[in-house]
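Here the structure comes first, spelled out in structure tokens, and everything after it is commentary.
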Amino acid sequence: MNTWFEVVGYIASGLIVLSITRTSLIKLRLFGLAGSITFTTYGFLIGAVPIALVNIIITGIHVYFLWSLRSPNKEFFQLLAVSHDSKYLAYFLDFHRDEIERYQPEFDPTPAEDWVASFVLRDTIPAGLFIGRKCEDESVEVLLDFAIPQYRDFQIGRFLFSDSSGLFADSRCDKAWSNPGAREHVAYLEKMGFVRSGDVYVKNLVAVR
């Protein structure tokens, strides 16, 4: 067998292995899609039509589910406000402590009375958590904007920073700002429309009312 054909096969296998190790649904599907496309190519290169045909079907399945994940009408989103001293809030923060420290290391989990905390329910599942506080200049400091690994497909953020959530309905608050956190969190903030301003990232809230 041609050595280059074997390389394509190894790459395809590696992508499939990577896909099943992803905790994010969208990343699982994206790596799986890349793997199935590569396996389809490999099948045709070595003349194994059944392998190619099966992976064409798998490619279609990945595309279908990726499209479903991108559709805002497939799931129900709702905010559930909680007090700063909620026992479930404390449990959630402790359970996801390592992930929170990885992506938003500036966050201090010590409860404070000025916290405005809300879970984002995704089809009744507490898939995300927002904690902020209003500053003296009427801006909103985003202390924590966290989604559990299985739901990191930007849908929670799109809901939070839309008029549907009602989170920023107070007309006196015209901007939200956040510390950058890890590189992955910076990418998320930019995706949500935040722009860098000095050492922080800022979003205009007028457009989300």
Restricting to Cα pairs below 8 Å that are 6+ residues apart, what does the relative contact order work out to for the range 60-138? Please round to a whole percent.
34
Counting other Cβ atoms within 10 Å of each Cβ, which GluC sites (Glu not before Pro) in the range 105-144 have at most 16 and sit in a DSSP loop?
GLU106, GLU113, GLU136, GLU138
Which of VAL63, VAL120, VAL49 moves the most in a Gaussian network model of the chain with Cα springs under 10 Å?
VAL49
Along the dipole axis of the chain (charges at Cβ: +1 for Lys and Arg, -1 for Asp and Glu; origin at the Cα centre), the most positive-end residue among PHE65, ALA112, TRP4 is TRP4
From the list (1) 22.0, 78; (2) 21.0, 70; (3) 17.8, 61, can you say which value of Rg and Dmax of the Cα atoms in Å was derived from the structure given?
(2)
Run the reach check for LYS87 against aspartates and glutamates, Cα to Cα strictly under 18 Å, same-chain hits fewer than 8 apart removed. What comes back?
ASP108, GLU113, ASP114
Which of rounded, prolate or oblate describes the range 3-70 when judged by the alpha-carbon gyration tensor and an a/c cut-off of 1.5?
oblate
May I ask you to list the aspartates and glutamates whose Cα is less than 14 Å away from that of LYS191, ignoring any residue fewer than eight positions away on the same chain?
ASP145, ASP153
Hey, quick one: spin label on ASP108, modelled 7 Å out along Cα-Cβ, who in the range 115-142 has an amide N within reach, i.e. under 20 Å?
115-118, 130-142
Grab the beta carbon distance between SER83 and ARG183, set R0 = 30 Å, and tell me the FRET efficiency rounded to 0.05.
0.35
Per DSSP, the loop-located trypsin sites (Lys or Arg not before Pro) within the range 62-145 having at most 12 other beta carbons within 10 Å are LYS74
With θ taken as phi - 60° and the coefficients 6.51, -1.76 and 1.60, list the Karplus ³J(HN,Hα) couplings across the range 119-131 in order, rounded to whole Hz; mark glycine and proline as x.
7, 9, 8, 10, 6, 6, 8, x, 8, x, 9, 10, 10
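Work through the residues other than SER197 whose Cβ is under 11 Å from its Cβ and net out their charges, Lys, Arg +1 and Asp, Glu -1.
It works out to a net charge of +2.
Taking the Cα centre as origin and putting +1 on Lys and Arg beta-carbons and -1 on Asp and Glu beta-carbons, what dipole magnitude results for the chain, to the nearest 20 debye?
Once rounded to the nearest 20, the dipole reads 880 debye.
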Taking the range 3-70 and dividing mean pair separation by its residue count, relative contact order in percent (alpha carbons under 8 Å, at least six apart)
31
Partner lysines whose C-alpha sits under 21 Å from that of LYS134, ignoring same-chain residues fewer than 8 away, are LYS175, LYS203
The chain, relative contact order in percent, only Cα pairs under 8 angstrom and at least six apart counted
15
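Read-outs: derived from the displayed coordinates by stated rules, not from any lab. No experiment lies behind these values; they were computed from the predicted model shown. Here the Cβ is made from the backbone with ideal geometry for all residues, glycine too, and neighbour counts use every protein chain on show.
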